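Encoded as structure tokens, the structure appears first; notes follow it.
What follows is calculated from the coordinates using simple rules that are stated; it is not laboratory data. These numbers were taken from a predicted model, which means no experiment stands behind them. Neighbour counts run over all protein chains shown; Cβ positions are idealised from the backbone, glycine included.
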């Protein structure tokens, strides 16, 4: 059952991700990102990372994807770029493919050759407690720094958006 | 309470049980939609001093059935210049996103489709999924009114998610849990244990009553905006945008949008019921308690808020776009910050 679900989600992720890359229509790319993000969230659930999965949906679909689509909709109206033409040249396509294939091969070699130390698997009831404790104890400084960074970004965005 | 799902208790944990569990909310939703449509017609008639539908059945109570049959047999039009794949996909995404919320709604202490520990967070996350369908429909219709409706909807929903998230954060602090069943169990007993009255605890909570009331009102306002209901229906304001993002839709696909809106109305009402009004708990201690009466209490409390939404829709005028942003960022957000601090103080004092 779980294997079946894994292959279903993997198929959704790979299929929609290839639409994102290969589609000539930017809107198709933007909208199929929805299925990519959703499939990745499903994979997280299968790995018992429930909190990460929901954060994935919340942040990537509810936030970033909406902003991407919003941006595409608005910029095409302003700059007049035709969103239906795939203007990427052959040169970029070939170079990108070569680089991607090289990275993929080296990653596969890395994964198969390194001897991974596997911890004994304990199915967690919920991950949110341990995430919370880790944030407030061991990783307090990185957590606070990230919070300050977000605050700076917020203040900066307000400053830019404010009319003089 | 080891296994909080009566279907699993009856026929065991197999795929038939999973199928039944995932279909039960759908059956409820179909019945609820008929009642809500009738409610919308009759309440609007009452508010406007009309009779409303009177011909179909006694006092017109079969009218929703007639409306559904009418919608089913209408021609399914796809505009020539619309983007067909996205145009046809949008209503389904919209409805799937609404129905996803039902996965964690606890109808009773013995029935919740999926009793995950992160129920509240899940509702917040899938609540933001629907906008994608809305934007998709708005863009694919190839109609300037639809596109404007889609853009307005995004600006509105993204803004109002923030006060709503602050309220949910406060509830998480007060309950110390994101599990909806656990949140409801903490509000058991008499109605003064509900989170709208500051939760269970000593008399010190009376000082904090205004804050919890304001929190509840903030969530009700924000949830109206998230379901695109008047006074926040600027994405589909008919006097400005024809019908907004669903201008070009007809027949079954329009019905899907319509159905998704009603499902969303119930979901936000259910959230208000769960986080502020004690979910399936009886308001009077053990009077009419237990799992079966729990369904009754939960559904009737949720229906009160569905009624409130219909009532507000037919009495209030629509906000302007700038007023909408003003309400979210300059009124609801600062108030929710203050209330969050105050209620956190209450949790520390208890």
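Counting other beta carbons within 10 Å of each Cβ, put B:339, B:216 in order, fewest first. Present the calculation step by step, with values, prior to reporting the outcome.
Numbers: B:339 23, B:216 20.
Lowest count first: B:216, B:339.
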**Study point:** For segment B:112-195, alpha-carbon Rg over 2.2 N^0.38 Å
**Key:** 1.46
Review point. How would you order B:300-307, B:200-207 from highest to lowest mean count of nearby Cβ atoms within 10 Å?
Key: B:300-307, B:200-207
Revision key, fill the gap. Note on chain A: alpha-carbon gyration tensor, axes a ≥ b ≥ c; rule is a/c under 1.5 for rounded, else prolate if a/b larger than b/c, else oblate; result oblate
Revision key, fill the gap. With Cα springs under 10 Å, the Gaussian network model of chain B assigns the largest mean-square fluctuation among B:54, B:94, B:325 to B:54
Study note, to complete from the structure: Taking a crude spin-label model, label points 7 Å out from Cα along the C-beta direction, the residue B:70 to residue A:150 distance in nm is 4.8 nm
Point to revise | Alpha-carbon centroid distance for the pair segment B:255-272 / segment B:160-202, whole angstrom | key: 22 Å
**Study point:** Gyration tensor (alpha-carbon) shape descriptor, the protein assembly as shown, a/c threshold 1.5
**Key:** rounded
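Between residue A:159 and residue B:96, what FRET efficiency comes out of the Förster formula 1/(1 + (r/R0)^6) with R0 = 30 Å and r the beta carbon distance, rounded to 0.05?
On the way: r = 39 Å, r/R0 = 1.32.
Approximately 0.15, to the nearest 0.05.
If you build the convex hull over the alpha carbons only and average its shadow over all orientations, what do you get for segment B:249-350? Give it in nm² to one decimal. Before the final figure, lay out each step's value.
Values: hull surface 41.3 nm².
That works out to 10.3 nm².
Over chain A, what is the mean sequence separation of C-alpha contacts under 8 Å (at least six apart), divided by residue count, expressed as relative contact order in percent?
On the way: 87 pairs, mean separation 29.9, N = 164.
With pairs under 8 Å counted, the relative contact order is 18 percent.
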Review point. Over all residues in B:125-132, what is the mean tally of Cβ atoms on other chains that come within 10 Å of each residue's Cβ?
Key: 6
Check your understanding: Most mobile of B:318, B:50, B:185 per a Gaussian network model of chain B (Cα springs, under 10 Å)?
Key -> B:50
Exercise for review: Specify the angular offset, from 0 to 90 degrees and rounded to the nearest 10, of the alpha carbon long axis of helix B:130-140 from the longest principal axis of the alpha carbons in chain B.
Suggested key: 10 degrees
Exercise for review: Name the most mobile residue of A:103, A:14, A:68, meaning the one with the largest mean-square fluctuation, in a Gaussian network model of chain A with Cα contacts below 10 Å.
Suggested key: A:103
Review point. So, in Å, what gap is there between the alpha-carbon centers of segment B:317-335 and segment A:1-77?
Key: 31 Å
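May I ask you to derive the relative contact order of chain B, considering only C-alpha pairs under 8 Å and at least 6 residues apart, and to give it as an integer percent?
Values: 523 pairs, mean separation 77.9, N = 350.
Contact order relative to length: 22 percent.
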Study note, to complete from the structure: If each part is reduced to its alpha-carbon centroid, segment B:39-112 and segment A:124-157 end up apart, in Å, by 42 Å
Check your understanding: Which angle between 0 and 90 degrees, to the nearest 10, do you get for helix B:84-101 versus the longest principal axis of chain B when only C-alpha atoms count?
Key -> 20 degrees
Review point. Once both labels are modelled 7 Å past Cα along the beta-carbon direction, what's the residue B:182-residue B:329 spacing in nm?
Key: 3.6 nm
Exercise for review: Extending each Cα 7 Å along its Cβ direction at residue A:121 and residue A:46, get the distance between those two points in nm, one decimal.
Suggested key: 1.2 nm
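When N counts the residues of segment B:6-349, how does its alpha-carbon radius of gyration compare numerically with 2.2 N^0.38 Å, as a ratio?
Details: Rg = 20.5 Å, N = 344, 2.2 N^0.38 = 20.2 Å.
That works out to 1.01 for segment B:6-349.
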Point to revise | Between 0 and 90°, nearest 10: helix B:291-315 axis offset from chain B longest Cα axis | key: 50 degrees
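Sort A:45-56, B:159-170 for me by packing, meaning the mean count of neighbouring Cβ atoms within 10 Å per residue, highest on top.
Numbers: A:45-56: 17.6, B:159-170: 21.2.
The densest-packed peptide leads the list: B:159-170, A:45-56.
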